[in-house]
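Trainee: Just passing along the structure, written as structure tokens.
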Amino acid sequence: MSMSRFDFPPGFIFGAATAAYQIEGSGFGGCGPCHWDTFAATPGNVIRAEDGSVACDHYHRWPEDLDLISAAHMDGYRFSTSWARVMPDGVSVNPEGLDFYDRLVDGMLARGLKPFQTLYHWEMPSALADKGGWTNRDTCARFADFSEAITRRLGDRVAAIATINEPWCVAWLSHFMGIHAPGLRDIRAAARAMHHILLAHGMAVERLRGMGQPNLGIVLNFDHAQPATDGAEDRLAADRWDGIFNRWFIEGITRQTYPEIVLEGLGPHMPDRWQDDMAVIGQKLDWLGVNYYTRHLNAHDPSAAWPHLRDVDGELPKTQMGWEIYPEGLYGFLTRMARDYVGDLPIYVTENGMANADELQDGAVADKVREDFLFAHLAATQRAITDGANVKGFFYWSLLDNYEWAVGYEKRFGLVHVDYKSLARTPKSSYHALARALTRND
Ligand code: FCB
């Protein structure tokens, strides 16, 4: 299957996505420590205890990386601005950090790329992590301060701002499942983080909108919840997973309520008077970002505590992460968001991609499987548009192979291969295929 930009409405934005900690190198430019540095330094959390101190050295190599984006005829670039780089102690501003993002944004504009900024892609300054991070309500106010400081510098030039990347990962994966920093497995901490991350979003939107900043959104991730069998218990298990993963955040924002099926478990652990925050959380969005990777088969597990869930292995082809390839899920979420939650609001696919065990051979990387993955998900997006979802853009995850959090540098998601010894970049065949699809012939 192959597609071109002409299969999409005029003005549709094609781009690639990255995140600060995963590519920049946190050891440079006066960046402060963040909770990922300490999480990685604790045995057992990250494969080979790898961290983001050098990563892809994007901090120094950003011009080459931006050149790669524009040479593929992309229209936009989704990047994040690290809180720990801009505010190393969580409070005071590091001018070198602001200068770096200033150069980066100007570099995008000079290449005709629309800057899509994310404010929080997980670089919680250690000084704030010490005070409880997202379990502490005060962190929300600190986040609004950070949002203001960085926006005062970049806000005149960015095309769009997302407050938070993937609240589900920030809250559930990191405080209930213990897989990401800060690595907690605690339902009380999880309930607080589930609420505070949305409060931080709402407070930041309020602050930025008050400054006259346009185009404010949030990036949510979604996981197709499928019952492992047709039995009533497994269907209920999938509904619980759907509630925790797919409904909590969007319903908090668009309906100012949380799903009952999740409050059944989290209710007793929520912060006092959380209901009073729902109006702030429900700030109007200008756009919604959808990240989508895979589906899960959910079974009821009576021996486990709430949410009584067990994963069942699925039969579809899998990526290097072991994630099933299921483009239909992307179609499902794009149309569901439009139908049930956001109507005509612009939606962007802010992440979609796959890890593959790519190998550099004779100076090239053949990753046909990624090409197929990409075009199948573009086709699903295009079908969702035809069926009424107002999707305005698609950002592939990721531009570069990078630091994939708890699995270190082992899983390669990039359109561009990175040799972690020499830091040389080599565009893969998927990069060239996308570049061909995006050529304008003018
Ligand atoms: C998402 C994250 C991104 C990357 C991809 C594979 O959950 O936003 O940083 O790790 O998954």
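Trainee: What are the trypsin sites (Lys or Arg not before Pro) within the range 76-120 that DSSP puts in a loop, where the Cβ has at most 16 other Cβ atoms within 10 Å?
Mentor: Filter output for the range 76-120: 111.
Trainee: Would you please give the FRET efficiency between residue 301 and residue 328, computed as 1/(1 + (r/R0)^6) with r the Cβ-Cβ distance and R0 = 30 Å, to the nearest 0.05? Could you put the intermediate results ahead of the total?
Mentor: On the way: r = 26 Å, r/R0 = 0.87.
The value I calculate is 0.70.
Trainee: Any idea what the dipole of the chain comes to, in debye rounded to 20, about its Cα centre with Lys/Arg Cβ at +1 and Asp/Glu Cβ at -1?
Mentor: Computed charge dipole of the chain: roughly 740 debye.
Trainee: A follow-up question, please. Carbon and sulfur: what percent of the chain's accessible surface (1.4 Å probe)?
Mentor: Working: 8170 of 16080 Å².
That fraction is 51 percent.
Trainee: Taking 1 over the mean of 1/r across every pair of different Cα atoms in the range 291-442, what Kirkwood radius in Å do you get?
Mentor: Numbers: mean 1/r = 0.0582 Å⁻¹.
One over the average 1/r among Cα pairs gives 17.2 Å for the range 291-442.
Trainee: Turning to a different aspect of this structure: Mind putting together the pair-distance distribution for the range 1-114? All Cα pairs, 5 Å bins, whole percent per bin, short to long.
Mentor: Taking all Cα pairs of the range 1-114, the binned fractions are 2, 11, 19, 19, 15, 13, 10, 6, 4, 1, 0 percent.
Trainee: Same structure, new question: Taking the mean number of other Cβ atoms within 10 Å as a proxy for protection, how do you rank 230-240, 293-303 from highest to lowest?
Mentor: In decreasing order of mean packing, 230-240, 293-303 become 293-303, 230-240.
Trainee: Would you calculate the separation in nanometres between label points at residue 235 and residue 179, each defined as 7 Å from the Cα along the Cα-to-beta-carbon direction?
Mentor: With each label point 7 Å from Cα toward Cβ, the separation is 2.7 nm.
Trainee: Could you pull out every residue, at least 5 positions away or on a different chain, whose amide H is within less than 5 Å of the one on residue 16? Hs are placed 1.01 Å off N in the peptide plane, and Pro or chain starts have none.
Mentor: 76, 78, 396
Trainee: Once the Cα gyration tensor of the range 173-233 is diagonalised, what are the square roots of 5 times its eigenvalues, in whole Å and ordered largest first, as equivalent ellipsoid semi-axes?
Mentor: 31, 18, 10
Trainee: For the range 317-382, what is one quarter of the convex hull surface built on the Cα atoms, given in nm²?
Mentor: Details: hull surface 21.4 nm².
Taking the Cα atoms of the range 317-382, their convex hull projects to 5.4 nm² on average.
Trainee: What number, rounded to the nearest 500 deg cm²/dmol, is the helix-based mean residue ellipticity at 222 nm of the chain, given -39500 (n - 2.57) per DSSP H run of at least four residues and division by all its residues?
Mentor: -10500 deg cm²/dmol
Trainee: Quick check: residue separation of residue 276 and residue 136 times 0.36 nm, minus the Cα distance between them. What number comes out in nm?
Mentor: Answer, rounded to one decimal: 48.8 nm.
Trainee: Using only Cα atoms, what is the ratio of the radius of gyration of the chain to 2.2 N^0.38 Å?
Mentor: This ratio for the chain stands at 0.92.
Trainee: Just the number please: accessible area per residue for the chain, 1.4 Å probe, all protein chains included, in Å².
Mentor: 36 Å²
Trainee: Rg to Rh for the range 97-142: what is it, with Cα atoms only and Rh by Kirkwood?
Mentor: On the way: Rg = 14.8 Å, Rh = 12.8 Å.
That ratio is 1.16, to two decimals.
Trainee: Just subtract the alpha-carbon distance of residue 339 and residue 284 from 0.36 nm times their residue separation and send over the number in nm, one decimal. If you can, show how the numbers build up before the last one.
Mentor: Details: separation 55, 0.36 × 55 = 19.80 nm, distance 1.71 nm.
Here the answer is 18.1 nm.
Trainee: Let me ask you something else. With each pseudo-label sitting 7 Å past Cα toward Cβ, what's the residue 49-residue 429 distance in nm, one decimal?
Mentor: Modelled inter-label distance: 3.9 nm.
Trainee: Sort all Cα-Cα distances of the range 218-351 into consecutive 10 angstrom bins from zero, then give the percent of pairs in each bin up to the one containing the longest distance.
Mentor: 12, 37, 35, 16, 1
Trainee: While we're looking at this one, here's another question. Mind ranking 420-428, 346-354, 62-70 by how tightly packed they are, going by the mean number of other C-beta atoms within 10 angstrom, highest first?
Mentor: Top of the packing list down: 346-354, 62-70, 420-428.
Trainee: Show me the ranking of peptides 365-378, 398-411 by mean Cβ neighbours inside 10 Å, starting with the highest.
Mentor: Final packing ranking: 398-411, 365-378.
The values are calculated or read from the model by the stated rules, or taken from the named source; none is laboratory data. Bear in mind that the values here come from a model prediction, so they are computed numbers and not experimental data. As a convention, Cβ positions derive from the backbone with ideal geometry for all residues, glycine included, and neighbour counts pool all protein chains shown. Ligands, DNA and RNA are excluded from the accessible area calculation, which covers all protein heavy atoms including side chains. Shrake-Rupley method; radii C 1.70, N 1.55, O 1.52, S 1.80 Å.
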